[in-house]
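Everything below concerns the one structure shown next.
The values are calculated or read from the model by the stated rules, or taken from the named source; none is laboratory data. These numbers come from a predicted model, not from an experiment. Note that each Cβ is placed from the backbone with ideal geometry, even for glycine, and that neighbours are counted across all protein chains shown.
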Amino acid sequence: MKIKSISSFGLLAIGTVLFITLNSSSGGINGVATSGCGGGGCHGNSASSNTTVTFSGLPVTGYITNTAYQCTLTVTNSSKVKAGFDLVVSDGTITSVGSGIAIQNSKEVRHSTPNTMASGVCNFIFNWTAPAHKNGVTFAFAGNAVNDNGGESGDEWNKGTVAVTGNFAAAVQDFEANGFSMYPNPAVNSVSIKSSEKAITAIKVISFLGQEVLFNQLPSNTHDTQLDIRALSTGNYILKVQSDNQWYTNTISKQ
């Protein structure tokens, strides 16, 4: 009886094949939207500026609550032939997707097979339904542009985030219709908030991620106050003014 042996070289080759199979997933990997596609021997450890990943599909004025939007994640790299992605959103619901895309849960979606790039561009399309609130949501995503050689070598990935708030047009009109005003906006150091009718009992400022960043309780019968915003980072915020146990909403820009 002849016993066949496997050389150490053969074992090494098998191990290499297994390593590539386990670490290069053409079907996509969950949970890399915020960390990126690198690490652990997968697609290189660092993001590459050769790849750009952009998100589009929502109006610049903000989303309307409970409304469905067709969104597009675009991966661009002039030297690669295919691309994949992973995306998570903090709120709302991902409802349907285009070809080559799989929904992991209502808030995460990724490629199910790498899509072929056309002139260095690959678009992934899905539908997202906005939440019932206007406090804002964040989309985090990573895109990987690949050479389709079956391994991670030569691939180039990048990532990004987009924060979007709800459409506050109706709320701002209500703010003004109830006799409230604010000036200046945008502002650097402080904002003057006035009420021509009702007394103001409290003011709070909320980030578009839904975090309360300022809160001022005011003395009774206050109709004119200065809000110090020097501690805020540059950006846009939601301003809420309380009067008669109701909150009235506006938006403010810190410069």
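Some observations on this one:
- Some residue of the stretch 173-184 being aromatic (Phe, Trp, Tyr), part of a loop (DSSP other than H, G, I, E, B), closer than 12 Å to THR251 by Cα and touching a residue at least 12 places away in the same chain (Cβ under 8 Å): no
- Residues of the stretch 198-248 that are modelled with pLDDT under 95, among the β-branched types (Val, Ile, Thr) and part of a loop (DSSP other than H, G, I, E, B): THR234 alone.
- For VAL188, the stated conditions do not hold, so it cannot be described as hydrophobic (A, V, I, L, M, F, W, C) and within 23 Å of THR61 (Cβ to Cβ).
- Residue count, the stretch 185-210 (criterion: within 22 Å of ASN135 (Cα to Cα) and free of Cβ contacts under 8 Å to residues at least 40 places away in the same chain): 2
- Among (1) under 30 Å from ASN115 (Cβ atoms); (2) touching a residue at least 60 places away in the same chain (Cβ under 8 Å); (3) surrounded by fewer than 20 Cβ atoms within 10 Å (Cβ to Cβ); (4) not hydrophobic (A, V, I, L, M, F, W, C), the one test that GLY154 misses: (2)
- Flag: ASP244 matches the condition of being on the phi > 0 side of the Ramachandran plot, of a type in the set (Asp, Glu) and surrounded by fewer than 16 Cβ atoms within 10 Å (Cβ to Cβ).
- Residue among VAL137, VAL191, VAL121 that is crowded, with 20+ Cβ neighbours inside 10 Å, under 27 Å from SER46 (Cα atoms), of a type in the set (A, V, I, L, M) and at pLDDT 85 or above: VAL137
- All positions within the stretch 70-127 that are free of Cβ contacts under 8 Å to residues at least 24 places away in the same chain and closer than 16 Å to ALA142 by Cα: ILE103, LYS107, VAL109
- If the condition is being part of a loop (DSSP other than H, G, I, E, B) and surrounded by 14 or more Cβ atoms within 10 Å (Cβ to Cβ), then the stretch 94-118 contributes GLY100, SER106, LYS107, SER112, THR113, PRO114, MET117.
- Residue ID - surrounded by the most Cβ atoms within 10 Å (Cβ to Cβ), chosen from residues in the stretch 70-93 that are in contact with a His (Cβ under 9 Å, 6 or more places away or on another chain) and among the charged types (D, E, K, R): ASP86
- The listed residues are VAL162, VAL89, VAL97, and the only one of them that is within 30 Å of TYR237 (Cβ to Cβ), modelled with pLDDT under 90 and touching a Phe, Trp or Tyr at 6+ places or on another chain (Cβ under 9 Å) turns out to be VAL162.
A quick yes/no check of all residues on (1) within 25 Å of the chain's Cα centre (by Cα); (2) more than 30 Å from GLY120 (Cα to Cα):
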site	(1), (2)
GLY150	no, no
ASP155	yes, no
GLU176	no, yes
SER192	no, yes
THR201	no, yes
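- Matching option when the condition is assigned to a loop (DSSP other than H, G, I, E, B) and either of a type in the set (Ser, Thr, Tyr) or modelled with pLDDT under 95 (or both), among THR54, THR61: THR61
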